[in-house]
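No lab work stands behind these numbers, since they all come straight from the coordinates. Every value quoted in this text rests on a predicted model; they were computed, and no experiment measured them. Neighbour counts are summed over all protein chains in view; Cβ atoms, including those assigned to glycine, are modelled from backbone coordinates with ideal geometry.
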Amino acid sequence: GDSVTQMEGPVTLSEEAFLTINCTYTATGYPSLFWYVQYPGEGLQLLLKATKADDKGSNKGFEATYRKETTSFHLEKGSVQVSDSAVYFCALKNSNSGYALNFGKGTSLLVTP
Amino acid sequence: GAVVSQHPSWVICKSGTSVKIECRSLDFQATTMFWYRQFPKQSLMLMATSNEGSKATYEQGVEKDKFLINHASLTLSTLTVTSAHPEDSSFYICSARDDRGDSPLHFGNGTRLTVT
């Protein structure tokens, strides 16, 4: 079945450092890919998405490119801020699973001043 | 923006009792809602798909008699954990799909259930 694997955390970075959180997936067909973010005490929020190969999703300085050849959707940001501290979830949605999302385990990011 | 309200945010109950968790879409209609369970340092695991006006669809391994789902209106789905046991202690999260189109799922803030 479909699955998502993302790098384990926690990840600790200094402010303005470069961020990469790896995400790879296994799925049949052509899934849509997502990154969700969960700030402390809040629900999951959509950060960005890509619906087909080579699409790049971007939001708030974060980017991720849908790479079908490597089945990856790595999240990147050039310069993180303390306010980016949160848990990040990679997820996929496959047409054969309706509208439900299949999540990775989440990666906790802590950015220090 | 769209908001999903989940209540309560945390609950402590004794073994053998039942607990109801509510999930409401506040500014949109949601024919379809989803219930997830999250263990510490684990992914969100889909438990069931809740459909307004029909029976919920449960994922393999989820006991339907244990986790009762009722989706009685287009804005409300409830999850009742019946005869709760300590192993049911977990973080439960609901999400709702806006009926108006192919928008992303909206998530509640989750409910921390502790069974003593």
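Here is the short version for the protein assembly as shown: B:CYS13 have no other Cys C-beta closer than 4.7 Å. Dimensions of the stretch B:54-116 based on its C-alpha atoms, expressed as ranges along the principal axes with the largest first, amount to 41, 25, 22 Å. Compute the Rg to Rh ratio over the protein assembly as shown from the alpha carbon atoms, using the Kirkwood formula for Rh, and round to two decimal places. Ratio of gyration radius to Kirkwood radius: 0.97. Listed by Cβ neighbour count within 10 Å, with the fewest neighbours leading, A:TYR99, A:TYR66, B:TYR92 appear as A:TYR99, A:TYR66, B:TYR92.
Taking a ≥ b ≥ c as the square roots of the eigenvalues of the Cα gyration tensor, an a/c ratio of 1.5 or more together with a/b larger than b/c marks chain B as prolate. A simple rule links phi to the HN-Hα coupling: the Karplus curve 6.51 cos²θ - 1.76 cosθ + 1.60 with θ = phi - 60°, which for the stretch B:79-89 gives 10, 10, 8, 8, 6, 5, 10, x, 6, 7, 4 Hz, with x for Gly and Pro. Counting Lys and Arg as +1 and Asp and Glu as -1 over every other residue whose Cβ lies under 14 Å from the Cβ of A:SER83, the net charge comes to -2.
The alpha carbons of chain A stretch over 44, 28, 21 Å along the principal axes, in descending order.
Using the Karplus relation 6.51 cos²θ - 1.76 cosθ + 1.60 with θ = phi - 60°, the per-residue 3J(HN,Hα) values for the stretch A:48-53 come to 6, 8, 8, 10, 8, 4 Hz, with x marking Gly and Pro.
In order along the stretch B:63-77, the phi-based Karplus estimate (6.51 cos²θ - 1.76 cosθ + 1.60, θ = phi - 60°) of 3J(HN,Hα) comes to 7, 5, 7, 8, 10, 7, 10, 10, 10, 7, 9, 6, 10, 9, 10 Hz; Gly and Pro are listed as x.
Net charge of the neighbourhood of A:PHE62, taken over other residues with C-beta under 9 Å away and scored Lys/Arg +1, Asp/Glu -1, is -1.
Rounded to the nearest 20, the size of the Cβ-charge dipole of the stretch A:18-113 about its Cα centre is 160 debye, with Lys and Arg at +1 and Asp and Glu at -1.
Simple rule: put +1 on each Lys or Arg Cβ and -1 on each Asp or Glu Cβ in chain A, find the dipole, and look at A:ALA50, A:THR28, A:ALA86; the Cα lying farthest toward the positive end is A:THR28. The residues packed around B:THR49, meaning those with a beta-carbon under 14 Å from its beta-carbon, carry a net charge of +3 if Lys and Arg are +1 and Asp and Glu are -1. Among the GluC sites (Glu not before Pro) found in the stretch B:1-81, those both in a DSSP coil and sparsely packed, with 15 or fewer other Cβ atoms within 10 Å of their Cβ, are B:GLU59, B:GLU63.
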